[in-house]
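Asker: I have a structure here, written as structure tokens, and I will follow up with some questions on it.
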Amino acid sequence: MINFDLSNRVAVVTGGAQGFGFAITERFIQSGAKVIIWDIDKKTAEEAVKKINSENCIYQIVDVKNFDQISKNMIEVEKKFNKIDIFINNAGITGSNATIAEYSVDEWKKVIDLNLNSVFYCCKAVVPYMIKNSYGRIVNIASIAGKEGNPNAGAYSSSKAGVIGLTKSLGKELAQKNIAVNCVTPAAAKTRIFDQMTEEHINYMLSKIPRNKFAKVEELASLVAWLSSEENSFSTAAVFDLSGGRATY
């Protein structure tokens, strides 16, 4: 395993206590970073920090749908570490599996709020810190669904398509400020997010992957580690595919 050098870097990972987020947190710690897990589930966050067992890993309970909470906790991070180098927007939900005609309006708003609005809130809040330090790496976790649009997952697909668009806009805005903004579009991986999906939808997703297997969280973490490192000094406003051959563009 290649360890990209993240020594002395300070990273925030939203939804960092489980699934993709935990794998990213673990990889960052192994690469020398200091990591602050942002999660809404205190028990899960405590368990994650205990499992990682490093003085360089702590957590804050943050509702990333709340801009005031984001701003408050970001101030605390900056006071403690004097900077924020890396920000990973990973927190998200799948929402229910239903056709657009049958989709609950409240459920739609819930998915868009967590999967897309929160990414905007976090980027809006962290960018001034990165500009001040003339350095930053932002990685947004989107999905292959944002490229292709999965049937019976309209809210999720739309929210992730929005993340792709936001990434491209912000990356271009910051292209001359030594701040890279990229996103990753993974196929599904076997994490607790599967608990939110129907078996039929899970089988549908697997059938679309040419490699005929789901992504591994470690594979995503490896790509995110590179995108978050100084070695990624040129790519920005880009979409990095991790779909096992499913993507057609």
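Asker: Among the residues of the stretch 97-116, are any under 27 Å from residue 209 (Cα atoms) and in contact with a strand residue (DSSP E or B) (Cβ under 7 Å, 6 or more places away or on another chain)?
Answerer: yes
Asker: Is it the case that some residue within the stretch 158-178 is under 23 Å from residue 98 (Cβ atoms), modelled with pLDDT under 95 and among the aliphatic types (A, V, I, L, M)?
Answerer: Scanning the stretch 158-178, I find no residue that is under 23 Å from residue 98 (Cβ atoms), modelled with pLDDT under 95 and among the aliphatic types (A, V, I, L, M), so the answer is no.
Asker: Output the number of residues of the stretch 147-158 satisfying the condition of being among the hydroxyl-bearing types (Ser, Thr, Tyr) and over 21 Å from residue 209 (Cβ atoms).
Answerer: Total satisfying the criteria: 1.
Asker: A follow-up question, please. Scan the stretch 223-245 for residues that are hydroxyl-bearing (Ser, Thr, Tyr) and either under 16 Å from residue 168 (Cβ atoms) or under 16 Å from the mean Cα position of the chain (by Cα) (or both) and jot them down.
Answerer: Once the filter is applied, which keeps residues that are hydroxyl-bearing (Ser, Thr, Tyr) and either under 16 Å from residue 168 (Cβ atoms) or under 16 Å from the mean Cα position of the chain (by Cα) (or both), the stretch 223-245 yields 228, 229, 235, 236, 243.
For (1) in a helix (DSSP H, G or I); (2) in contact with a helix residue (DSSP H, G or I) (Cβ under 7 Å, 6 or more places away or on another chain), each residue gets a yes or a no:
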| site | (1), (2) |
| --- | --- |
| 121 | yes, yes |
| 128 | yes, no |
| 131 | yes, no |
| 139 | no, yes |
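Asker: Using beta carbons and a limit of 8 Å, which pairs, at least six apart or on different chains, have the first residue in the stretch 164-186 and at positive phi and the second one surrounded by 24 or more Cβ atoms within 10 Å (Cβ to Cβ) and of a type in the set (Gly, Ala, Ser)?
Answerer: Pairs that qualify, where the first residue is at positive phi and the partner is surrounded by 24 or more Cβ atoms within 10 Å (Cβ to Cβ) and of a type in the set (Gly, Ala, Ser): there are none.
Asker: One residue is enough: does the stretch 189-200 have a residue meeting the conditions within 18 Å of residue 89 (Cα to Cα), buried (at least 20 other Cβ atoms within 10 Å of the Cβ), modelled with pLDDT under 95 and small (Gly, Ala, Ser)?
Answerer: no
Asker: Report yes if residue 121 is under 17 Å from the mean Cα position of the chain (by Cα), closer than 29 Å to residue 236 by Cβ and among the aromatic types (Phe, Trp, Tyr), otherwise no.
Answerer: Here the answer is yes, as residue 121 does meet what is asked.
Asker: So which of 127, 64 is more than 19 Å from residue 18 (Cβ to Cβ) and without any contact (Cβ under 8 Å) to a residue 60 or more places away in the chain?
Answerer: None of the other options fit; the residue is 127.
Asker: For the stretch 67-95, how many residues meet the condition of being free of Cβ contacts under 8 Å to residues at least 40 places away in the same chain and crowded, with 21+ Cβ neighbours inside 10 Å?
Answerer: The number of residues fulfilling the criteria is 0.
Asker: What is the one condition in (1) closer than 28 Å to residue 243 by Cβ; (2) at pLDDT 95 or above; (3) more than 20 Å from the chain's Cα centre (by Cα) that residue 115 does not satisfy?
Answerer: Every condition holds for residue 115 apart from (3).
Asker: What residue, among those in the stretch 206-226 that are among the hydrophobic types (A, V, I, L, M, F, W, C) and surrounded by fewer than 20 Cβ atoms within 10 Å (Cβ to Cβ), is modelled with the lowest pLDDT?
Answerer: Per the criteria, the residue is 206.
Asker: While we're on this one: Within the stretch 96-113, which residues are under 18 Å from residue 162 (Cβ atoms), in contact with a Ser or Thr (Cβ under 8 Å, 6 or more places away or on another chain) and surrounded by 15 or more Cβ atoms within 10 Å (Cβ to Cβ)?
Answerer: 103, 111, 112
Asker: Something else about it: Give me the residue from the stretch 1-44 that is under 16 Å from residue 137 (Cα atoms) and polar (S, T, N, Q) and, out of that set, surrounded by the most Cβ atoms within 10 Å (Cβ to Cβ).
Answerer: Among residues in the stretch 1-44 that are under 16 Å from residue 137 (Cα atoms) and polar (S, T, N, Q), the one surrounded by the most Cβ atoms within 10 Å (Cβ to Cβ) is 25.
The values are calculated or read from the model by the stated rules, or taken from the named source; none is laboratory data. From a predicted model like this one, the values you see are computed outputs, not experimental measurements. No Cβ is skipped: glycine too gets one built from the backbone with ideal geometry, and neighbour counts run over all protein chains shown.
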